[in-house]
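Reading through the structure tokens given below for one structure.
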Amino acid sequence: MTSAATNQHSATGSALGYYYQAIYALILLLESERDDVSVSIETLDDVYLESGAEKVLHQLKHSIDRNARISVASDEVWKTIKVWLDQLRQIELLDATLVLASVASFADDSPLNALLADGSGAGKGFSRDALTSALRFEAERVTKERNEQRQKGKKDGELSYQKKGPGCEAFAALPPEQQSTLISRVVCQPRSFQIQDACGKVARLLPNIPERASKQAAEELIEWWDRQVVLSLTRERARAIGKLEVQEKTLNIIRGIASGKLAVSFFSKMPPPTHTTDNIIQRQIELVGGDQELIDEACCQEWRARNQRDQWIGNDFSISDDLVTFDIKLQEEWRMRWNRMRKSSSSGTDSEKAAAGMRILDWALIDAPNEVPPFERKCTEPSLVRGSYQMLAKDLSVGWHCHYRVKIK
């Protein structure tokens, strides 16, 4: 079997590229000085920004390689030009600015430096006219070569320059004045952030928050933002997401951190498809007559609580002591009920023992969140109690059947 590290068909780059779009859009909002700005993803472009009369279409080229370079001959440039030319009429109607943002950089002598957003390229003698001429030369060269191959009987799928060819041909077909007009709209932002740097970049853009809390706030904001992007793409909410909405959420996150309330990320999530049923949890529930649906629910609650607890400890290791204390309290509450059940049912039939144990399991899943002392770090999510009990059941620290230790051994 081909390993993930060497799989030539791996979709890692594409997946990171799509995720990069979402984070890039969030950073655009946080960096904007205007409050009326909004962004949408995969509408007119990878990211479309609108602020009053300003319309900006962003084409993004993410790369895992920090040392990547792009030039006038690069596939990425021509694929981007093709995207813009396919919607040129819409761009003209919007009077939109076109942005090519890339993790890659330009060579010091590349004509693309004329497009630098900060204008530094123009100060070094680079001009848009010279860039347009260089692009025209490359487009005509590629188009000529592909046409010669067509004349020799090659089909389009067999031609050279499969990635850049369509963009070159579309650009070469434009009148020179339209070529110049298109390039006049373009701005380039090389050396953009990489996806692994996203959390740190978001943290630095959050206002009026201590550095020690900024990472947690950034993680919570990104978690919320990811969900909003999904809802936007599925049209369960408006496609455009505004800065004011992000500001309101950011303030709520900061207030929560200041109050000492723990952030929750997993209690509304479902385990991934690769998640497997734990054998001990399954056996514990089977002993009291639970079916597969109940086993799946218990394993889901355990997955949520375990991952959430791990995340809390990762952010603040001191929470681990509080969680140990919390687990002790959970065991005390369970023990009082289980001991009474054990004494009253140990001489009963197997079905009576199972039924008595099922009542303890039902209590742990249904009633315990309202009856056990809450976690002192201000998290009252029911899944914390439900899932923590399943974690303890996995370790045999608690159980449901009156003879669960003996039977599972």
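The table for this structure:
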read-out: Cα→Cβ-extended label distance, 7 Å offset, between I280 and L16, nm; value: 3.7 nm
read-out: Distance cut-off 19 Å, percentage of C-alpha pairs in the range 57-126 lying past it; value: 40 percent
read-out: Paramagnetic reach from A122 (point 7 Å along Cα→Cβ, amide N under 17 Å) across the range 82-99; value: 97-99
read-out: In nm, spacing of pseudo-spin labels at K215 and R227 (7 Å Cα→C-beta vector); value: 2.3 nm
read-out: Amide hydrogen neighbours beyond the local backbone of V47, cut-off 5 Å, H modeled; value: E42, H58
read-out: Residue-level accessible surface for E31, protein heavy atoms, 1.4 Å, Å²; value: 90 Å²
read-out: Packing-based ranking, highest mean first, of 266-277, 193-204, 359-370 given that Cβ atoms within 10 Å are counted; value: 359-370, 193-204, 266-277
read-out: Extension gain, D362 back to R141 (0.36 nm per residue minus Cα-Cα distance, nm); value: 72.2 nm
read-out: Segment Q189-D109, length gained on full extension (0.36 nm per residue, minus Cα span); value: 27.2 nm
read-out: The chain: antiparallel DSSP beta bridges as a percent of all, rounded to 5; value: 50 percent
read-out: Qualifying lysines (Cα of each under 28 Å from Cα of K152; at least 8 residues distant if same chain); value: K79, K82, K144, K163, K164
read-out: Sequence-distant residues sharing a close amide H with V398 (under 5 Å, placed H); value: A393
read-out: The chain, accessible area per residue, ligands and nucleic acids excluded (1.4 Å, Å²); value: 52 Å²
read-out: Straight-distance crosslink candidates among lysines, where the alpha carbon sits under 18 Å from K394 and sequence neighbours closer than 8 are dropped; value: K329, K407, K409
read-out: Potential lengthening between N208 and V406 on full extension [0.36 nm per residue; Cα-Cα distance subtracted]; value: 65.6 nm
read-out: All-pairs Cα distance distribution in the range 212-324, expressed in whole percent, bin size 10 Å; value: 12, 31, 30, 20, 7, 0
read-out: Cα-derived Rg over Rh, computed across the chain with Rh taken as Kirkwood radius; value: 1.14
read-out: Cβ crowding within 10 Å averaged over residues, with 245-257, 104-116 ranked highest first; value: 104-116, 245-257
read-out: Hydrodynamic radius of the range 306-356 per Kirkwood, over alpha carbon pairs, in Å; value: 13.3 Å
read-out: Under 5 Å, built H, 5+ apart or other chain: amide partners of V186; value: L98
read-out: Folded to 0 to 90 degrees: helix 292-315 orientation relative to the chain principal axis, Cα; value: 70 degrees
read-out: Angle between the chain longest axis and helix 350-362 axis [Cα atoms, degrees, rounded to 10]; value: 50 degrees
read-out: Over the chain, relative contact order from alpha-carbon pairs under 8 Å, at least 6 apart, %; value: 15 percent
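The values are calculated or read from the model by the stated rules, or taken from the named source; none is laboratory data. On a predicted model such as this, the values are computed, not experimentally measured, just so you know. Glycine also receives a Cβ, built like all others from the backbone with ideal geometry; neighbour counts cover every protein chain displayed. We work out accessible area using only protein heavy atoms, side chains counted, and drop any ligands, DNA or RNA first. Shrake-Rupley method; radii C 1.70, N 1.55, O 1.52, S 1.80 Å.
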